[in-house]
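Note sheet for the following structure.
Every number here is computed from the coordinates shown, using simple stated rules; none is lab data. Just so you know, these numbers come straight off a predicted model, no measurement behind them. Virtual Cβ from ideal backbone geometry, glycine too; neighbours counted across all protein chains shown.
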Amino acid sequence: MVISIVNQKGGVAKTTTSINLAAGLALEGYKVLLIDTDPQCNATQVFIHPDIEISLEKSLHHVIMKFAPLPSVIRSTAFTNLSFAPSHIRLSSTDLELAQALDNRSARLKRAIDEIQSRYDYIIIDNPPSLGLLTINSFVASDRLIIPVSTAYFALTGLDQLQETIAMVQQTRLNPDLKLLGVLCTFADHTIVSRDVEKQVRTFFGDLVFKTTIPKNVALEEAHSRHTHIFAHSARSGGAVAYRALIKEVLAR
Ligand SMILES: Nc1ncnc2c1ncn2[C@@H]1O[C@H](COP(=O)(O)OP(=O)(O)OP(=O)(O)O)[C@@H](O)[C@H]1O
Ligand SMILES: [Mg+2]
């Protein structure tokens, strides 16, 4: 099962959700691969210290642009059952390079994943805040999508464009089987804005919204800077409790 975490809006907890979903599933005993397609490399920096230069041969850029096999870039992590494929800042020009490519430019990630999919129970893809060709590659490679929506501000604008893009991927037969697994409310607190936005999201998406809401929780931020996930950093924090509940829902769906 390949799950992409997407929203072209920045800072809605795509990376936080990718890391903790992947880590939580690995803790449940599933074999998990986390793929970072974001040139910002936020997920990559959690697992590889930024002081260590990532060699160009070993990032997703090489997989997408030079057709390197995915296993040649996959690294193990300090965590059992969890491997990851790092991003590289060079991916920031990949959307442009792909736009000029003629062959198979939307399905390069899918082709790379197809070869190794049977080795993992779950492949989680963290995506950049854009709807460019890298994200389209993720849509084509994925079975399911999770859309995090921040309740910290009125973030619903842009969701119709995201839905249009998903519909385009389904209808043009790039990936007719692509489905929305769920919408996840993040950065929730007791402010009126947060409650209003969550209400709007639930009205708009109905049952597609996960019952679990991720609260604003500083431990989630701390975990990133300590190069770990929330369950290792603070297993009893509100963030850990919420992501554990999310994983239950994901497994049930
Ligand atoms: N529930 C939360 N409570 C507090 N801080 C959070 C929470 N979720 C994420 N953060 C912090 O908010 C910031 C943005 O989160 P994150 O990087 O996951 O968003 P993103 O959607 O991946 O952003 P981008 O679009 O730039 O890739 C990070 O510093 C992260 O540590
Ligand atoms: Mg991110």
### Computed Rg/Rh of the range 176-253, alpha carbon atoms with Kirkwood Rh
1.02
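Tally Lys/Arg at +1 and Asp/Glu at -1 over every other residue whose Cβ is under 14 Å from the Cβ of V169; what's the total?
Details: positive: R105, K110, R144, R173, K179; negative: D143, E164, D177.
Once all neighbours under 14 Å are counted, the net charge is +2.
Where does the range 55-134 land on the Kirkwood hydrodynamic radius, alpha-carbon pairs, in angstrom?
Details: mean 1/r = 0.0747 Å⁻¹.
Hydrodynamic radius (Kirkwood, Cα only) of the range 55-134 equals 13.4 Å.
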#### Entry: Proximal lysines to K66, defined as alpha-carbon separation beneath 24 angstrom and excluding residues fewer than eight positions away on the same chain
K58, K110
### Relative compactness, the range 1-101, computed as alpha-carbon Rg over 2.2 N^0.38 Å
1.07
### Phi to ³J(HN,Hα) by Karplus 6.51 cos²θ - 1.76 cosθ + 1.60 over the range 7-15, Hz, x for Gly, Pro
4, 6, 6, x, x, 9, 5, 4, 5
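Quote the convex hull volume per residue of the chain, based on C-alpha atoms, as a whole number of Å³. Don't jump to the answer; show the numbers that get you there.
Numbers: hull volume 29.4 nm³, N = 253.
Output value, Cα hull per residue: 116 Å³.
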### Task
Alpha carbons only, please: Rg and Dmax for the range 111-161, in angstrom.
13.6, 41
### Summary
For V149, other-chain or 5+-apart residues with amide H closer than 5 Å (H placed, Pro excluded) are L184, C185, T186
### Task
With a Förster radius of 41 Å, plug the Cβ-Cβ distance of M168 and R226 into 1/(1 + (r/R0)^6) and report the FRET value to the nearest 0.05.
0.55
### Query
From largest to smallest, what semi-axes in whole angstrom does the range 111-253 give when each is the square root of 5 times an eigenvalue of its alpha carbon gyration tensor?
26, 21, 14
### Query
Could the peptides 2-14, 78-90 be put in order, highest first, of the mean number of other beta-carbon atoms found within 10 Å of their residues?
2-14, 78-90
### Query
Dipole size in debye (nearest 20) for the range 1-154 around its Cα centre, Lys and Arg Cβ +1, Asp and Glu Cβ -1?
160 debye
### Task
Report ³J(HN,Hα) in whole Hz for each residue of the range 78-89, in order, from the Karplus equation J = 6.51 cos²θ - 1.76 cosθ + 1.60 where θ = phi - 60°; Gly and Pro get x.
6, 10, 4, 6, 10, 10, 8, 10, x, 8, 8, 4
### Message
As I understand it, the dipole of the range 74-169 uses +1 on the Cβ of Lys and Arg and -1 on the Cβ of Asp and Glu, about the Cα centre. Which of L162, I123, S138 lies farthest toward its positive end?
### Response
I123
